[in-house]
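Let me begin by presenting the structure, written as structure tokens, before commenting on it.
The values are calculated or read from the model by the stated rules, or taken from the named source; none is laboratory data. The structure presented is a predicted model; accordingly, all values stated were derived computationally and were not measured. Note that we place each Cβ from the backbone using ideal geometry, even for glycine, and neighbour counts take in every protein chain shown. Accessible surface is based on the protein model in full, side chains and every heavy atom, while ligands, DNA and RNA are left aside. Shrake-Rupley method; radii C 1.70, N 1.55, O 1.52, S 1.80 Å.
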Amino acid sequence: LCVPEESHMLHDRGRLFAVADGMGGVSGGALASKLALQTLADVYCGGPDGQAIPARLRDALREANQRVFEEAENRPEYYGMGTTVSALALHGSNAYVAHVGDSRVYLRRKGDPLYQVTHDHSLVAEQLRSGIITEEEARTHSLKNLITRAVGTKENVKIDLFTFPVKERDTILLCSDGLCGVVEDSVIREAMDVENLQGASRMLVGKAIQGGGPDNITVCLLYTSDA
């Protein structure tokens, strides 16, 4: 189950946005993603003053992993549940990302190609990066939904951290694989060039549904009007 994107207003820490795509059955996936997002927001907002944002994001996601893992261990009906998490904090002229799984963060800057900030933690993506399979084979691979890293499935989790500068009129997309696994990059790029974020989001979701909608679809679009 895909939990809709959440944003959190932060006084001296910018704004926090996150997408989580749960696994472990309908109820397990819903619980895992809900727990992860709530813990992420609580820990990020309530952490000690003066802590660097990447460390704050890392610690928040580690705590989210622990919460989901413990819940699964204590409740047999949720054994094995987990979730992807792609979280982004905007603060000043910088963006900070913490990422686990195969949800994605994209950056679209006027005049530049569409840039995928995150790397998918999936078997197919790893084979593609290693040159074992081609992009065409990856798109139709029978195991393309098999992820190699998730929040809550193990006691410890490895978290990818990214930082990049943001400029005025940048567009940033956080999405689940229900979108990026179906909609081609050229269509995503076209949608991210539209300043009407609500309209662009609806267009992207519509394109994913037209493509078969095999998975839950979550879209969070951000536009930096004043970086």
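Points to keep in mind about this one:
- When M203 is tested against (1) open to solvent by less than 40 Å² (accessible area, probe 1.4 Å); (2) without any contact (Cβ under 8 Å) to a residue 24 or more places away in the chain, only condition (1) is not met.
- If only residues of segment 115-124 that are in contact with a helix residue (DSSP H, G or I) (Cβ under 9 Å, 6 or more places away or on another chain) and closer than 11 Å to C180 by Cβ are counted, the one that is modelled with the highest pLDDT is Q116.
- For first residues located in segment 27-43 and in contact (Cβ under 8 Å) with a residue 40 or more places away in the chain and within 13 Å of A87 (Cα to Cα), partners that are in a helix (DSSP H, G or I) and among the β-branched types (V, I, T) and lie 6+ apart or on another chain with Cβ distances below 9 Å form the pairs S33/V68; A36/V68.
- Scanning segment 95-112 for residues that are open to solvent by 10 Å² or more (accessible area, probe 1.4 Å), in contact with a Lys or Arg (Cβ under 7 Å, 6 or more places away or on another chain) and in a strand (DSSP E or B) returns a single hit, R108.
- Matching option when the condition is at positive phi and open to solvent by less than 50 Å² (accessible area, probe 1.4 Å), among G92, G80: G80
- Within segment 186-227, the residues that satisfy the criterion of being among the small types (G, A, S) and either more than 14 Å from D170 (Cα to Cα) or over 19 Å from the mean Cα position of the chain (by Cα) (or both) are S186, G199, A200, S201, G206, A208, G211, G212, G213, S225, A227.
Each row is one residue, and each column tells you yes or no for (1) under 29 Å from G199 (Cβ atoms); (2) in contact (Cβ under 8 Å) with a residue 60 or more places away in the chain; (3) touching a Leu at 6+ places or on another chain (Cβ under 6 Å).
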{"position": "T83", "(1), (2), (3)": "yes, yes, no"}
{"position": "G92", "(1), (2), (3)": "yes, yes, no"}
{"position": "D112", "(1), (2), (3)": "yes, no, no"}
{"position": "I133", "(1), (2), (3)": "no, no, no"}
{"position": "I147", "(1), (2), (3)": "no, yes, no"}
{"position": "T153", "(1), (2), (3)": "no, yes, no"}
{"position": "N156", "(1), (2), (3)": "no, yes, no"}
{"position": "F162", "(1), (2), (3)": "yes, yes, no"}
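- Residue count for segment 29-47, restricted to those that are of a type in the set (D, E) and open to solvent by less than 10 Å² (accessible area, probe 1.4 Å): 0
- The number of residues in segment 132-154 that are open to solvent by less than 80 Å² (accessible area, probe 1.4 Å), at pLDDT below 70 and not in a loop (DSSP other than H, G, I, E, B) comes to 1.
- Scanning segment 169-227 for residues that are in a helix (DSSP H, G or I) and under 17 Å from L90 (Cβ atoms) returns M192, L197.
- Subset of segment 177-200 [crowded, with 16+ Cβ neighbours inside 10 Å and of a type in the set (D, E)]: D177, E190
- Against the numbered list (1) modelled with pLDDT of 85 or more; (2) charged (D, E, K, R); (3) open to solvent by 50 Å² or more (accessible area, probe 1.4 Å), D215 comes up short only at (1).
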